[in-house]
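First up is the structure itself, then whatever we jot down about it.
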Amino acid sequence: MATKAGFPTRGIAAGVMAITLQSTVGGFSSEFMRKQPELEQAMLAHGLEPSEFVISKDRASPETPWIGPFFYSYTVFFGEESFNVTEPNDLQFYDYFYDRCIAESDDPPLDQRARRPGLISRLFRWMAQPI
């Protein structure tokens, strides 16, 4: 691993600034931090500049006694734009964000299998049928 001034560069090309991470709930997981250079390389490969992105992690649900929060709210800021995603942990957010960074179109990634209509919509469809 290359070093600069005695610190590892984590596989990021020299001169490339990393994504800025902010948190009000104790920081990001070590797994997320280990995977961050891979995300930054993917962003560069797809024409995105990692230094223009700020990811903020906040509590999305009230903290329950002895357990902590169930969900986190991740806000991604880039330029004048931002979007918010609620996920249960850092790795779920990482997977979502990575998929969005490497997506070939502006459409959000679709689930591979078609979802069945929900119970309520099936009930309404059944009730709407003529007798």
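The values are calculated or read from the model by the stated rules, or taken from the named source; none is laboratory data. Fair warning: this is a prediction, and the values are worked out from it, not measured in the lab. Here the Cβ is made from the backbone with ideal geometry for all residues, glycine too, and neighbour counts use every protein chain on show.
Structure notes:
- Subset tally (residues that are part of a strand (DSSP E or B) and under 16 Å from the mean Cα position of the chain (by Cα)) for the stretch 63-95: 14
- Here the stretch 29-47 is the region considered, the condition is being of a type in the set (A, V, I, L, M, F, W, C) and surrounded by fewer than 18 Cβ atoms within 10 Å (Cβ to Cβ), and the residue that is farthest from TYR74 (Cα to Cα) is ALA45.
- Of VAL25, VAL54, all but one fail to be touching a residue at least 24 places away in the same chain (Cβ under 8 Å), not in a strand (DSSP E or B) and not aromatic (Phe, Trp, Tyr); the exception is VAL25.
- Residues that are under 17 Å from the mean Cα position of the chain (by Cα) and either at pLDDT 95 or above or among the hydroxyl-bearing types (Ser, Thr, Tyr) (or both) do not occur anywhere in the stretch 42-50.
- Any hit, the stretch 96-111, residues being in contact with a His (Cβ under 7 Å, 6 or more places away or on another chain), exposed (fewer than 15 other Cβ atoms within 10 Å of the Cβ), modelled with pLDDT under 90 and not in a strand (DSSP E or B): yes
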